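Colleague: For reference, the structure I am asking about is given below.
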Amino acid sequence: MRCPFCGHEDSQVKDSRPSEDGTSIRRRRQCEGCGGRFTTFERVQLREVTVVKSGGKREPFERSKLERSIEIACRKRPISAERIDRLVSGIQRQLETSGDNEVDSTRIGALVMEGLKGLDPVAYIRFASVYKDFTEARDFEEFAGNVSEIGKK
């Protein structure tokens, strides 16, 4: 594992333990070059998933992109990083166990919408505003109205 401080190629594992949700291994490492300490996480990858974009372009699934888009939707909301990580892990697991090597980006968006709907209504609306590509304020107003109706039931 390359050291994030000095770039040295060798590090020594000082401590390993499962993460709280049990989906990854947390490792504390120490660089053999500069002595700096850092943490890495290992996750099981069941299969290679290719994302098919709306224009037909194909690219490998990147957990970090999914995580980043959910974090943006959840910014300044009372949602712990742990809950976001569980949501990302759950979506990734669904994609890897679906049996399909290729998945449409719209399917990923729908899974994120489904997850955010149960997590936080504001994050759900924020993500939807980008995902659904609202063209007018009226579109946004209508969608937000439907969300508030769901919350009342």
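All of the numbers you see were taken from the coordinates with simple rules; none came from a lab. Here the structure is a predicted model, which means the values were calculated and not measured. Counting neighbours? That spans all protein chains shown, and the Cβs are built from the backbone with ideal geometry, glycine included.
Colleague: How large is ³J(HN,Hα) for each residue in region 103-114, as worked out from phi by the Karplus curve 6.51 cos²θ - 1.76 cosθ + 1.60 (θ = phi - 60°), to whole Hz, x for Gly and Pro?
Modeller: So the J values, rounded to whole Hz, are 9, 5, 4, 5, 5, 5, x, 5, 5, 5, 4, 4.
Colleague: Of Glu136, Glu48, Glu102, which has the largest mean-square fluctuation in a 10 Å C-alpha GNM of the chain?
Modeller: Glu136
Colleague: In addition: Quick one: Karplus J couplings for region 35-42, per residue in order, coefficients 6.51, -1.76, 1.60, θ = phi - 60°, nearest Hz, x for Gly and Pro?
Modeller: My calculation for region 35-42 gives x, x, 10, 8, 10, 10, 10, 10 Hz in order.
Colleague: For the chain, how many pairs of lysine residues have a Cα-Cα distance under 25 Å, where the two are 8 or more positions apart or belong to different chains?
Modeller: Counting lysine pairs in the chain gives 16.
Colleague: Calculate for the chain the 222 nm mean residue ellipticity that helices alone would give, adding -39,500 (n - 2.57) per DSSP H run of length 4 or more and normalising by residue count, nearest 500 deg cm²/dmol.
Modeller: Details: 5 runs with 70 residues, N = 153.
Rounded to the nearest 500, the figure is -15000 deg cm²/dmol.
Colleague: To continue, here is another question. When Rg is the radius of gyration of the Cα atoms in region 1-44 and Rh is its Kirkwood radius, what does Rg/Rh come to? Walk me through the numbers on the way to the answer.
Modeller: On the way: Rg = 10.9 Å, Rh = 10.7 Å.
Result: Rg/Rh = 1.02.
Colleague: While we're looking at this one, here's another question. Expressed as an acute angle from 0 to 90° and rounded to the nearest 10, what is the orientation of the C-alpha long axis of helix 137-152 relative to the principal long axis of the chain?
Modeller: 80 degrees
Colleague: For region 70-150, state which trypsin sites (Lys or Arg not before Pro) are in a DSSP loop and have at most 14 other beta carbons lying within 10 Å of their beta carbon.
Modeller: Here the sparse-neighbourhood loop sites are Arg75, Lys76, Lys132.
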